[in-house]
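Notes to accompany the following structure.
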Amino acid sequence: MTSATTTSQETGVAVECFGVRKSFNGTPVLKSVDLSVDHGQVLCLIGPSGSGKSTFLRCLNHLERIDGGLLRVAGEMVGYREHKGRLHELRHHEIAQRRADIGMVFQSFNLFLHMTVLENIIEAPMSVRKVKRADAEDTARRLLEKVGLAGREGAYPRMLSGGQQQRVAIARALAMRPKIMLFDEPTSALDPELVGEVLSVMKELAAEGMTMVVVTHELGFAREVADTVVFMDDGYIVEQGAPAELFANPQTDRCRDFLGKVL
Ligand code: ADP
Ligand code: MG
């Protein structure tokens, strides 16, 4: 049997989902989600609160286990490996290794508050990727410069603005050299004047060819940066398309209503 990795590289697919289902306590939250993202593409996921967007991202990096369907990221099944035609659930350390390929940025930054900026960024590369401290620090400094925070390595998160903290969180995710980056409403917790500095870092990443799945209400960002916009409602993908097309010509009442509220 050919490995999934080979197939994926040949077809250029970074994320593929077929019939993904997830329930919480018997309540379906994802009801058969099919979706694919090619390497180097940016997909923006929009939709009302409670429609399953965060759950979907959490399934992508195995923070949640799916109940049915198939999920592959960077050619590998999330949480499982195939051996002699059968699926085996991965062990914790194997899941951690795979998750290292998937960067995640949350609405609430999730920095380690008792660690400096530098320590936040070098921790996972050292513990999961076994990078030497000096190399991890070099990378961290380079990434801090990239996100516009050169010289702040000694600061603690509480000394930084929300926009700065979120840029540290992005640098921390990038330090693992992820194959794909997931963002869950990365600017929703920020004061309006700080949103732009985070979006511009994300735009730069997209321009460099990073594969990104971004849950966002920033439709201006989606219009400018996304290759595909996916509208999700009630656990289903209701519509998807190029941003210009989807925003100008929503095909369903649900999408039209949502856009009317957000735009
Ligand atoms: P969105 O990100 O689109 O706002 P979520 O994926 O967070 O939506 O949530 C979708 C639904 O799943 C909501 O009804 C939410 O209450 C429910 N849900 C999410 N996580 C859990 C959980 N861990 N346990 C129970 N219900 C959950
Ligand atoms: Mg959410």
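Along Cα→Cβ, 7 Å out, is where each label goes; now give me the distance between the ones at SER23 and LEU113 in nm to one decimal.
Simple spin-label model gives 3.7 nm for this pair.
Considering only protein heavy atoms, with the full assembly of protein chains and a 1.4 angstrom probe, order ARG91, ARG142 by accessible area, largest first.
ARG91, ARG142
Which one, PRO28, SER54, TYR80, projects farthest toward the positive side of the charge dipole computed for the chain from Cβ point charges (K/R +1, D/E -1)?
TYR80
Accessible area per residue, 1.4 Å probe, Å², for the chain: what's the number?
For the chain, the per-residue accessible area is 48 Å².
Could you sort ASP233, ASP34 by accessible area so the largest value comes first, with the probe set to 1.4 Å?
Result of the area sort, largest leading: ASP34, ASP233.
What list of ³J(HN,Hα) values in whole Hz, one per residue of segment 47-53 in order, does the Karplus curve 6.51 cos²θ - 1.76 cosθ + 1.60 (θ = phi - 60°) give from phi, with Gly and Pro shown as x?
Whole-Hz 3J(HN,Hα) from phi for segment 47-53: x, x, 4, x, 7, x, 5.
Considering amide H positions built from the backbone, and no H for Pro or chain starts, which residues 5 or more places from LEU90, or on another chain, come under 5 Å of its amide H?
Under 5 Å from the amide H of LEU90 lie the amide H atoms of TYR80, ARG81, each far enough along the sequence or on another chain.
Pull out the extension gain between GLU208 and LEU263, defined as 0.36 nm times the separation in residues minus the alpha carbon to alpha carbon distance; nm, one decimal.
Fully extending the segment from GLU208 to LEU263 adds 17.0 nm.
With +1 assigned to the C-beta of every Lys and Arg and -1 to the C-beta of every Asp and Glu, and no other charges, what is the dipole magnitude of the chain about the Cα centre in debye, to the nearest 20?
Computed about the Cα centre, the dipole is about 880 debye.
The values are calculated or read from the model by the stated rules, or taken from the named source; none is laboratory data. The model shown is predicted, which means the values in this text are computed figures rather than measured ones. Ideal geometry is used to build each Cβ from the backbone, glycine not excepted, and the neighbour counts take in all protein chains shown. These area figures cover heavy atoms from the full protein model, side chains too; ligands, DNA and RNA do not enter into them. Shrake-Rupley method; radii C 1.70, N 1.55, O 1.52, S 1.80 Å.
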